[in-house]
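See structure below.
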Amino acid sequence: MTATPMIGKPVADAIVTKVKADVVDLKERYGITPQLTVVQVGKDASSEVYLQNKVKSFAKIGIAVKPHTFESTVSAAVLEDTVSALSEDKSVHGIMIGLPLPLHIENSTAANRGKFDIFDRIHQFKDVDGVSRHSTAELYRGQLERLTFLPSTALAVSRMLKFYGVETAGKRVVVVGRNDITGKPIHHMLGGRMGNATVSWCHRFTPKETHDDLTRAADIVVTCVGSPRYQLKADVLRGGSTVIDVGTRVDKDGNLIGDVDFDGVKHVAALLTPVPRGVGPVTVACLMENVVRATRFCAGEDVRGYLL
Ligand SMILES: Nc1nc(=O)c2c([nH]1)NC[C@@H]1CN(c3ccc(C(=O)N[C@@H](CCC(=O)O)C(=O)O)cc3)C=[N+]21
């Protein structure tokens, strides 16, 4: 068997067409140009690729992206104050914090301020990555029709599944990884009322045998790892399954690579996303959609709820 590649472009194009019309409408109706501010701390290769792509592709459709860059030694307190100010600033519609953050901020403890304290300073109507206390609580509740923001990558995964006709209700799903913007929200989305699947959640503490048993039984596997220590191979998959590769990293030669052994898995899976050209471009389109959404909230419109 050779898997059908789940190419992101047609999915992204449909979203971008809608976003373009929205940008024109926002301009006509309120004279507003949507603006996303990206808080970037230090240098991370995959964030760098993402940021550069974003500035270019967003400008093309009339969304401004403003990077706010900090040294990797910056304190959480400084970032909290920065994000609070951006939340108050009427010219900023969306706020995104480039992840991962430096270790001293990622690993927040009871005593040390860290990433969650920063996320919580994002105004609920500007939280385009869906990471604040407000957004995460709504996702946990799982009422699609009330959501203020669904994280762009989770939204992208659901749009890909829909476009390629993959039903999730009643299916066995494995999500690998528990990152705040990928594995964690995707697992809640697919297992909750939005996906109605039975979801197993694997991560660094899952023994290899447990992971392999679960993926061998899965109808759908979503990998969100992005580490050279992890690769999903054909021998742990069920024939005819759907494989979504979210984990993107840049290897030492500067190539963008995913979590999945594409050339092996394509002989086993029925549907498979490539990297690049799979979920990545759809994530970018979904972020644009979320920035437009944030701009509508700022203009006083109540646009809660998502159409998947
Ligand atoms: N707060 C936050 N939110 C993010 O969503 C986020 C982040 N931080 N940090 C970094 C990662 C990385 N990421 C990518 C998304 C799309 C492509 C993408 O569009 N890739 C293209 C190829 C790009 C190229 O080849 O240059 C593709 O897959 O076809 C890449 C990387 C989002 N991230």
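If you restrict to DSSP beta bridges whose two residues both lie in region 196-281, what percentage is antiparallel, to the nearest 5?
Of those bridges, close to 20 percent are antiparallel.
For K184, go through the lysines and keep the ones whose alpha-carbon is under 19 Å away, minus same-chain ones fewer than eight residues off.
K115, K171
Under a Cβ-only charge scheme (Lys and Arg +1, Asp and Glu -1), can you give me the dipole magnitude of the chain about the Cα centre, in debye to the nearest 20?
440
Ratio of alpha-carbon Rg to the 2.2 N^0.38 Å globular estimate for region 38-125, to two decimals, please.
1.10
Helix-only estimate, please: 222 nm mean residue ellipticity of the chain, summing -39500 (n - 2.57) across DSSP H runs of length 4 or more and dividing by its residues, to the nearest 500.
-12500 deg cm²/dmol
If amide H atoms are built 1.01 Å from N in the plane of the peptide, which residues on other chains or at least 5 residues away come under 5 Å of the amide H of R238?
A218
Any idea which of T136, G278, T4 is furthest toward the positive side of the dipole for the chain, if Lys and Arg beta-carbons carry +1 and Asp and Glu beta-carbons -1?
The one lying farthest along the dipole's positive direction is T4.
What does the C-alpha gyration tensor say about the overall shape of region 236-308? Classify as rounded when a/c is under 1.5, otherwise prolate if a/b is larger than b/c, or oblate.
oblate
By per-residue mean of other Cβ atoms within 10 Å, what is the highest-first order of 282-290, 130-138?
282-290, 130-138
Measure of size requested: the Rg and Dmax of the chain, with Cα atoms as the atom set and Å as the unit; please supply both.
18.9, 57
Please report, in whole Å³, the volume per residue of the convex hull around the C-alpha atoms of region 89-189.
Value for region 89-189: 132 Å³ per residue.
Restricted to Cα positions, what overall size does region 152-279 have along the principal axes? Three whole-Å values, descending.
41, 31, 29
Take peptides 7-13, 151-157 and line them up by average Cβ neighbours within 10 Å, highest first, as a rough protection proxy.
Listed from highest to lowest mean packing, they are 151-157, 7-13.
Give the angle, between 0 and 90 degrees and rounded to the nearest 10, that separates the Cα long axis of helix 45-60 from the longest principal axis of the Cα atoms of the chain.
It works out to around 60 degrees.
Can you tell me which lysines have their Cα less than 23 Å from the Cα of K9? Leave out same-chain residues fewer than eight positions away.
Here the lysines satisfying the reach criterion relative to K9 are K18, K20, K54, K56, K60, K162, K266.
Which of the peptides 74-81, 91-98 is most tightly packed, and how do the rest follow, judged by the mean count of other Cβ atoms within 10 Å per residue?
91-98, 74-81
Read-outs throughout are calculated quantities, based only on the coordinates presented, and are distinct from any laboratory measurement. Source: prediction; values computed, not measured. Positions of Cβ are generated from backbone atoms using ideal geometry, with glycine treated the same way; all protein chains shown enter the neighbour counts.
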